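Visitor: Mind having a look at this structure? Questions to follow.
Nothing in this text is a laboratory measurement; each read-out follows from the coordinates by a stated rule. Worth saying up front: this structure is predicted, and the values here are computed from it rather than measured. All Cβ positions, glycine included, derive from the backbone under ideal geometry; neighbour counts span all protein chains shown.
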Amino acid sequence: MTITRRKFLEAATATAVAGLVQPVLAQAASPDKVLTAQTGQIEIRAGQKKLDIPVWGYGGASPGETLNVEQGGTVSLSLKNELPEDTTIHWHGIRTPNNMDGVPGLTQKAVATGGAFQYRFACDDAGTYWYHPHANSAEQIGRGLCGPLIVQEQRPLAVDRELVWVVADWQVTQDGQVSHAYSNMHDNSHAGRFGNLITVNGQRRPLIDVQPGERIRLRLINAAAARILSLDIPGVSGWWIALDGQPIEPRGLRGDPVYVPPGGRADVVLDIPTGMDPGKILEIADATYRKQRNTLASFKLSGKQVRGTPLAAPQKLADNPISLPNLDGAELKEITFEGGAMGGLRSALLDGEKLPIRQLAQRGALWSTNGKIWSSLDEIAQQDKLFNLDTGKSYVFRLQNRTAFPHPIHMHGHTFQVIAVNGKKKSTPEWRDTVLVFPDEQVDIAFVADNPGDWLIHCHVLGHVTAGMIAAVRVG
Ligand code: C2O
Ligand code: CU
């Protein structure tokens with residue numbers, strides 16, 4: 001199932017020498033494996049202190065193992081649940097058949113403690129994806145349950161090394177314990193739950209040895225409950241090459257900031273500089289929030305120089321085989337998000353019953369989607385969907401954020417193009433599965449409804465999901 005980057009590089013070099021570029025053939029179905037959701041522990045060094053953090057993880061680890069598959073290959077594994085409560089796995093960003101989407105109540109029965117479920121689906125799209133539960137998500141993902149799913153391109157980019165970083169955001173209390181309170185009214189009604197300890201692959205500010213002149217492909221996965229990430233890497237030149245797994249025209253790191261919201265991913269090519277002293281530290285920081293620069297990790301220059309002259313800027317990767325929406329024939333659907341603190345929502349339909357804000361708040365229902373809120377995934381499954389869409393037809397969803405907070409809106413089963421922001425058309429629309437919509441912003445996304453079934457569309461701020469910012473559409 002695993003093909004190392006080095007093998008790809010060797011293949012790439014070999015074909016370059018031969019003057020031929022041949023696609024690496026997709027592997028046959030990967031051997032069956034078992035992923036066990038279970039309790040575990042990770043040790044985090046924070047300054048002088050060592051924190052033992054109890055986690056829920058796949059294989060007891062947080063993040064869980066990186067699943068590697070070649071484009072066109074199949075993921076086939078059995079989820080075993082050894083947690084004290086129901087769980088599932090959702091394959092974020094993968095256009096799976098509906099019954100593999102991992103939404104309990106909507107696409108499958110929840111996997112009870114001691115139970116198992118067999119997942120099997122093809123990965124048509126190359127890129128950086130991730131997997132996580134879709135049951136009690138704020139707590140289960142908050143406790144560490146998630147892992148990377150990497151679908152390697154058939155013609156991969158030549159780099160010296162590939163790094164996969166899962167960023168998590170823990171809340172550590174005064175006495176050095178991790179808080180396992182994943183939901184409270186204040187956070188759920190504001191920007192969500194921010195932590196005070198950011199980790200990369202379960203480590204605080206890891207120090208990674210890199211060689212001068214090395215070219216690195218960094219795959220960044222934002223598994224935080226609420227924190228938006230952007231990258232600031234002084235002294236290193238680099239390019240954003242893919243967002244949510246989907247190739248983009250390479251964009252310099254120093255240009256306009258690129259935000260990677262909760263649920264989102266970014267692929268970045270980094271060229272480690274030459275001519276610096278060995279031992280020099282290069283910081284990779286998140287600079288999304290003013291006055292709150294957070295070091296994610298650091299590179300330490302060591303070892304011999306890989307090359308003297310930097311490589312040329314990376315080329316755009318090949319597009320994934322996603323149907324292009326027909327914008328002329330597309331049907332426009334508006335989705336308006338309201339609610340939250342300072343939002344002015346007066347009332348909404350909760351499971352079909354009109355309730356004033358006070359009663360909604362008592363039931364923890366704080367965010368509405370087109371004036372409606374569903375209290376649970378079971379209600380979403382039973383009640384009318386937000387929209388019924390025709391299979392094969394193109395749609396434009398106009399996402400309107402009438403709240404005081406940014407929301408990363410994620411859609412299941414489909415990858416969409418962001419075609420306009422505030423009515424301004426994008427000249428080169430980019431693909432996403434999770435799009436950040438800022439307060440008072442209007443974002444138009446377009447897609448072909450080509451995957452039949454019931455699909456969630458929801459905010460990926462986990463506390464907002466808890467507070468009702470989640471709906472479903474039916475295709476077919
Ligand atoms: Cu990360 Cu409903 O998804
Ligand atoms: Cu939200």
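Visitor: FRET efficiency for residue 319 and residue 66, Cβ-Cβ distance as r, R0 = 25 Å, nearest 0.05?
Guide: 0.55
Visitor: Let me ask something else. Assuming 0.36 nm per residue, please report the length gained on full extension of the stretch residue 173 to residue 283 beyond their Cα-Cα distance. Before the final figure, lay out the partial values.
Guide: Working: separation 110, 0.36 × 110 = 39.60 nm, distance 2.64 nm.
Gain on extension, residue 173 to residue 283, equals 37.0 nm.
Visitor: Additional query: Per the helix-only calculation at 222 nm, which mean residue ellipticity applies to the chain, given -39500 (n - 2.57) for every DSSP H run of n ≥ 4 and division by its residues, nearest 500 deg cm²/dmol?
Guide: The helix contribution divided over the chain gives -2000 deg cm²/dmol.
Visitor: Show log10 I(q)/I(0) for segment 340-432 at q = 0.24, 0.25 Å⁻¹, two decimals, from a solvent-free Debye sum over equal Cα scatterers.
Guide: -1.32, -1.36
Visitor: Also, quick follow-up: Taking the highest mean first, how do the peptides 85-94, 230-239, 433-442 order by number of other beta carbon atoms within 10 angstrom per residue?
Guide: 85-94, 433-442, 230-239
Visitor: With just the Cα atoms defining each centre, how far is segment 63-112 from segment 262-336? Give it in Å.
Guide: 27 Å
Visitor: If the limit is 26 Å between Cα atoms, which of 109/354; 316/425; 333/372; 354/385; 333/425 go over it? Spell out each step's value before the answer.
Guide: On the way: 109/354 29 Å; 316/425 22 Å; 333/372 15 Å; 354/385 17 Å; 333/425 17 Å.
Result: 109/354 exceed 26 Å.
Visitor: Continuing with the same structure: Compute the Cα gyration tensor for segment 299-396, then decide on rounded, prolate or oblate, letting a ≥ b ≥ c be the square roots of its eigenvalues: rounded whenever a/c is under 1.5, prolate when a/b is larger than b/c in the other cases, and oblate in all that remain.
Guide: Because a/c hits 1.5 or more and a/b fails to exceed b/c, segment 299-396 counts as oblate.
Visitor: Still on this structure: Would you be so kind as to identify which of 76, 336, 260 lies farthest towards the positive end of the dipole of the chain, taking Lys and Arg as +1 and Asp and Glu as -1 on Cβ and the Cα centre as origin?
Guide: Value computed over the given set: 260.
Visitor: Full extension from residue 209 to residue 353: what is 0.36 nm times the residue separation minus their Cα-Cα distance, to one decimal in nm?
Guide: Working: separation 144, 0.36 × 144 = 51.84 nm, distance 5.79 nm.
The residue 209-residue 353 span can extend by a further 46.0 nm.
Visitor: Short version: ³J(HN,Hα) in whole Hz for each residue of segment 299-307, in order, from phi by Karplus 6.51 cos²θ - 1.76 cosθ + 1.60 (θ = phi - 60°), x for Gly and Pro, what are they?
Guide: Rounded to whole hertz, the list is 9, 10, 6, 7, x, 8, 5, 7, 7.
Visitor: Which order, highest average first, do 64-77, 122-135 follow once you tally other Cβ atoms within 10 Å for each residue and take the mean per peptide?
Guide: Final packing ranking: 122-135, 64-77.
Visitor: Mean separation of Cα pairs under 8 Å and 6+ residues apart, divided by the residue count of segment 15-319: what relative contact order is that in percent?
Guide: 16 percent
Visitor: Then there's this: Which of the peptides 175-187, 50-62 is most tightly packed, and how do the rest follow, judged by the mean count of other Cβ atoms within 10 Å per residue?
Guide: 50-62, 175-187
Visitor: Which ³J(HN,Hα) values in Hz, rounded to whole numbers, follow from the phi angles of segment 173-190 under the Karplus curve 6.51 cos²θ - 1.76 cosθ + 1.60, where θ = phi - 60° and Gly and Pro get x?
Guide: 7, 3, 8, x, 9, 7, 6, 9, 8, 9, 8, 8, 4, 5, 4, 5, 9, 10
Visitor: I need 353, 334 ordered by Cβ neighbour count within 10 Å, fewest first. Provide the component values of the computation, followed by the final result.
Guide: Numbers: 353 9, 334 12.
Lowest to highest Cβ neighbour count: 353, 334.
Visitor: Moving on. Report the label-to-label distance for residue 99 and residue 378 in nanometres (one decimal), using points 7 Å from each Cα along the Cα→Cβ vector.
Guide: Distance between the two pseudo-spin positions: 2.3 nm.
Visitor: Compute the signed sum of charges (Lys and Arg +1, Asp and Glu -1) over the other residues within less than 15 Å, Cβ to Cβ, of residue 242.
Guide: Residues close to residue 242 contribute a combined charge of -2.
Visitor: On to the next question. Which whole number in µm²/s is D for the chain by Stokes-Einstein, with the Kirkwood Rh taken over Cα pairs at 25 °C and 0.890 mPa s?
Guide: Using the Kirkwood radius from Cα pairs, D works out to 107 µm²/s.
Visitor: Would you calculate the separation in nanometres between label points at residue 304 and residue 341, each defined as 7 Å from the Cα along the Cα-to-beta-carbon direction?
Guide: So the two model labels end up 5.7 nm from each other.
Visitor: Can I ask one more? In whole Å, how far is the Cα centre of segment 389-443 from that of segment 174-196?
Guide: So the two Cα centres are separated by 28 Å.
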